[in-house]
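I have placed the structure first, in the form of structure tokens, so that the comments after it can refer back to it.
The values are calculated or read from the model by the stated rules, or taken from the named source; none is laboratory data. Everything numeric in this text was worked out from a predicted model, so none of it was measured. Positions of Cβ are generated from backbone atoms using ideal geometry, with glycine treated the same way; all protein chains shown enter the neighbour counts. For accessibility, only protein heavy atoms count, side chains too; no ligands or nucleic acids. Shrake-Rupley method; radii C 1.70, N 1.55, O 1.52, S 1.80 Å.
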Amino acid sequence: MNSKDIKIGSNRSFGIVFFIFFLIIAIYPIINGREINKWFFFTSIIFLILGLLNSKFLTPLNKLWFKFGIFLGKLISPLIMGIIFFLVVTPIGYIMRILRKDILNLKFNKNRSYWEKKNGPKSKMKNQF
């Protein structure tokens, strides 16, 4: 799927999400016994008003946020998959080599065929679901 195939979310949902985000940041100091952060609170109110009105002022911010998400997806996804491969799959492969396991039957054997005999009933493909 290409990034051009993905649709940008509505300005309404963008405004409401950022209202919640800035409201949480504004209220967070209350946990430590301090007072509310007024700048973040007013910013959250502005995002709420613009989001509920479905304002066109949020369109450039929404597009910028969308492009940032696409960038993060292109950066983080291969990074996480690489970490999983090198920390999970590679050690399992080395352990299998040490134990001389050939689960996929990849070792060369000139004496026999690589075909596997099927045991058990043949499927009739009836009542699949």
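Things to note:
- Residue check, ARG112 open to solvent by 100 Å² or more (accessible area, probe 1.4 Å), on the phi > 0 side of the Ramachandran plot and at pLDDT below 90: no
- Odd one out for LYS63, checked against (1) assigned to a loop (DSSP other than H, G, I, E, B); (2) in contact (Cβ under 8 Å) with a residue 24 or more places away in the chain; (3) open to solvent by 80 Å² or more (accessible area, probe 1.4 Å): (1)
- Once the stretch 93-103 is narrowed to residues that are aliphatic (A, V, I, L, M) and loosely packed, with under 10 Cβ neighbours inside 10 Å, the residue that is modelled with the lowest pLDDT is ILE103.
- Residue identified as at pLDDT 75 or above, surrounded by 10 or more Cβ atoms within 10 Å (Cβ to Cβ) and within 30 Å of PHE18 (Cβ to Cβ) among GLY82, GLY69: GLY69
- Counting the residues of the stretch 78-100 that are under 34 Å from the mean Cα position of the chain (by Cα) and outside any helix (DSSP H, G or I) gives 0.
- Cross-chain or 6+ apart pairs with Cβ under 7 Å, the stretch 23-48 first and open to solvent by 100 Å² or more (accessible area, probe 1.4 Å), then in a helix (DSSP H, G or I) and at pLDDT below 95: GLU35/PRO29
- Hits in the stretch 22-56 (condition: among the charged types (D, E, K, R) and farther than 19 Å from GLY9 by Cβ): ARG34, GLU35, LYS38
- LEU75 being within 24 Å of the chain's Cα centre (by Cα) and either over 28 Å from ARG12 (Cα atoms) or open to solvent by less than 100 Å² (accessible area, probe 1.4 Å) (or both): yes
- Test result for LEU52, open to solvent by 90 Å² or more (accessible area, probe 1.4 Å), over 30 Å from LYS101 (Cα atoms), in contact with a Lys or Arg (Cβ under 8 Å, 6 or more places away or on another chain) and at pLDDT below 95: yes
- Checking each residue in the stretch 1-40 for being of a type in the set (Phe, Trp, Tyr) and over 16 Å from PHE66 (Cβ atoms) picks out PHE19, PHE22, TYR28, TRP39, PHE40.
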